[in-house]
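> Structure incoming, see below.
Bear in mind that the values in this text are calculations on the coordinates, not laboratory data. Remember, it's a predicted structure, so these values are computed and weren't measured experimentally. Heads up, the Cβs are rebuilt from the backbone with ideal geometry, glycines too, and the neighbour counts pull from every protein chain shown.
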Amino acid sequence: MSETRCGYVAIVGRPNVGKSTLLNHILGQKISITSRKPQTTRHRVLGIKTENQVQSIFVDTPGLHQNDDSEKAINRYMNRAASSAIKDVDVVVFVVDRGKWTAADDWVLEQVKRAPCPVILAVNKVDQMDDKSSLLPFIEAAEQKMDFADIVPVSALRDTNLDRLEACINERLPKDDWFYDEDQITDRSSRFMAAELVREKIMRQLGAEVPYEITVEIEEFSDSGKSLHIGALILVEREGQKRIVIGDKGSRLKLIGQEARLDMEQMFERKVMLKLWVKVKSGWSDDERALRSLGYND
Ligand code: GDP
Ligand code: MG
Ligand code: K
């Protein structure tokens, strides 16, 4: 019997409950981009943590969501990725916001009830609670909804109680040899991570005027020995969006580039020269083939 444990963990929940934040804080490193906008995460991202004889492999899912836009290819892709994620894992962490249990949470609940593995409920954002006594009724109501393996109140942002959550996860992972090297933190390529960082800066800097249909393609990724040269193409749907992303005399694009470059230098631990372009690619989010050519195939 193996001395070590190794297994897959899916983090699920409606958009904006803090799934990506939770993953990044458990891993102690930015793997999944976050922003206040829902649907920031489009891909399954594997984050790998190896510590104290346990290797936990996290799948950060796109927000499982019911929405009016379900006809769009991008949304079909996101729901597919999320539902397949829970069938193939050893533990599901279902994240909710301590403020309110919504109809969208109930919809996710129906999905996780089908999971053939233990489901741990993480009640997130407890740092936002003025009145601590409101937590108990929330937890009691949650207990009625399904037989959770554990219910753990946490603050992903402030690292509150994350060690307890991790202990609950780890004890449910199977005894097995590690699947990945000890020092590997993701199975995503450097190119993918670079594209995600650029997309995160766009999502954070732009207001509601730019919808979610923005994607980033890495056109150049080369290593001169001293530094990385990265060229990223930002694809938008309309001419007006292109103007917004570029900003007055290129000011916004410059800021996006500066912020993304700093993150990349931290992630890749070297100097980065980053070039950004913006191009209009009409209707991409509605075209399955275009999606596939951009890597959205699962
Ligand atoms: P996701 O859509 O579920 O992946 O959610 P994100 O991780 O992108 O987080 C959505 C928003 O909630 C971001 O603005 C986060 O900073 C914020 N957030 C996440 N966790 C916490 C938390 O524990 N406390 C507080 N106050 N905010 C949080
Ligand atoms: Mg996310
Ligand atoms: K989000």
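> Ordered by residue, what ³J(HN,Hα) values in Hz, to whole numbers, does region 11-17 give under the Karplus form 6.51 cos²θ - 1.76 cosθ + 1.60, where θ = phi - 60° and Gly and Pro are x?
Couplings: 9, 10, x, 5, x, 6, 7 Hz.
> Once the cut-off is 20 Å, how many percent of the Cα-Cα pairs in region 108-196 end up in the long-distance tail?
For region 108-196, the share of Cα pairs beyond 20 Å comes to 55 percent.
> Measure off 7 Å from each Cα along the Cα-to-Cβ vector at Lys275 and Phe192, then give the distance between these two points in nanometres to one decimal.
Going from the Lys275 label point to the Phe192 one covers 2.6 nm.
> Mind listing the long-range amide H neighbours of Thr160? Cut-off is under 5 Å, sequence gap 5 or more, other chains count too, H placed in the peptide plane at 1.01 Å from N.
Amide H to amide H, under 5 Å and 5 or more residues apart or across chains, Thr160 pairs with Ser155.
> As an exercise, identify the GluC sites (Glu not before Pro) in region 155-257 lying in DSSP coil whose Cβ has no more than 12 other Cβ atoms within 10 Å.
Here the sparse-neighbourhood loop sites are Glu182, Glu209.
> What does the net charge come to around Val152 if you take all other residues with beta carbon closer than 12 Å to its beta carbon, with K and R at +1 and D and E at -1?
Summing Lys/Arg as +1 and Asp/Glu as -1 gives -1.
> May I pose another question? Region 100-174: which chymotrypsin sites (Phe, Trp or Tyr not before Pro) are DSSP loop and have at most 16 other beta-carbon atoms within 10 angstrom?
Counting only loop positions with at most 16 other Cβ atoms within 10 Å, the chymotrypsin sites (Phe, Trp or Tyr not before Pro) in region 100-174 are Trp101.
> Let me ask another. Can you list the residues, at least 5 places off or on another chain, whose amide H is less than 5 Å from the amide H of Thr4, using H built in the peptide plane?
Correct list: Asp176.
> Along the Cα→Cβ direction, 7 angstrom out, place labels at Arg243 and Gln128. What is the inter-label distance in nm?
3.5 nm
> Still on this structure, I have one more. Report the net charge of residues surrounding Glu220, where surrounding means a beta-carbon distance below 12 angstrom and charges are Lys +1, Arg +1, Asp -1, Glu -1.
Net local charge, Glu220 excluded: -1.
> Given H placed on each backbone N at 1.01 Å, which residues far from Val95 in sequence or on other chains put an amide H within less than 5 Å of it?
Sorted by chain and number, the residues that satisfy this are Val12, Gly13, Ala122.
> Right, here's the next one. Lys271: which lysines have alpha carbons under 25 Å from its alpha carbon, excluding same-chain residues fewer than 8 sequence positions away?
Filter leaves Lys30, Lys201, Lys226, Lys254.
> Can you give the extra length, in nm with one decimal, that the chain gains between Asp163 and Arg114 once fully stretched, where that is 0.36 nm per residue apart less the Cα-Cα distance?
Here the answer is 15.0 nm.
> Taking the Cα-to-Cβ direction at Lys100 and at Leu262 and moving 7 Å from each Cα, how far apart do the two end points lie in nm?
3.3 nm
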